[in-house]
Amino acid sequence: HAEQLAAERAAGGNWAAVRFPTLLDAADNAPTDKIARGIRSGWGLAVPGRDPNIQFISLHDAAVALVAAAESSATGIFNVSGAGSLPLKKVYRAAGASRLPLPKWLHRLLNASEGPERLEYTWTISSARAERELGFRASESSRQVLQNFIKARGGSRPEILEKEDRKSTRLNSSH
């Protein structure tokens, strides 16, 4: 849908659209994104049996990407995200949020405008084109963005993300 809308708007000349994953801003106490709301409120919605990978971008990096697109002569849709992704269960665990698995039909009943798809399937993007054509590279990884977002929340455990990174590094270096 985004591609079609951008193409319709572009009929008159140069254009660029920037697409973000979950945007996290530590100062935002009332986020509109479903995942950010779950982290902030302490009750993270989920779909039973699913653990999709999630990416994040900071408000600062999102603003830098928008400026880069506006100042560029490049056209098209550009995906931008912090490097890496995290499983949703780990996101909620690090945030100290209780995971609340609900059947898909109940997700739709409770909030028809936001279906359960983002909580069911992995939605990761590549920022390679934005880096290549706009010169944009996020200054923070998805993990760093999440850590900064949850540090201010009581009951969060950002160290979980560090422990997992060290474990992954040890496993990868042993091969």
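The values are calculated or read from the model by the stated rules, or taken from the named source; none is laboratory data. Remember, it's a predicted structure, so these values are computed and weren't measured experimentally. For neighbour counting, all protein chains shown are included, and Cβ atoms are generated from backbone atoms with ideal geometry for every residue, glycine included. Please note that ligands, DNA and RNA were not included when accessible areas were found on the heavy atoms of the full protein model with its side chains. Shrake-Rupley method; radii C 1.70, N 1.55, O 1.52, S 1.80 Å.
Assorted remarks:
- With respect to the conditions (1) more than 11 Å from ARG50 (Cβ to Cβ); (2) among the charged types (D, E, K, R); (3) loosely packed, with under 13 Cβ neighbours inside 10 Å, GLU117 lacks only one, and its number is (1).
- The residues listed here are SER72, SER58; of these, the one that is over 12 Å from the mean Cα position of the chain (by Cα) and either farther than 13 Å from ALA130 by Cβ or in contact (Cβ under 8 Å) with a residue 60 or more places away in the chain (or both) is SER72.
- Subset of segment 84-114 [within 23 Å of PHE20 (Cα to Cα), among the aliphatic types (A, V, I, L, M) and open to solvent by 50 Å² or more (accessible area, probe 1.4 Å)]: ALA112
- Of the criteria (1) within 18 Å of LEU146 (Cβ to Cβ); (2) modelled with pLDDT of 90 or more, which one ARG50 fails: (1)
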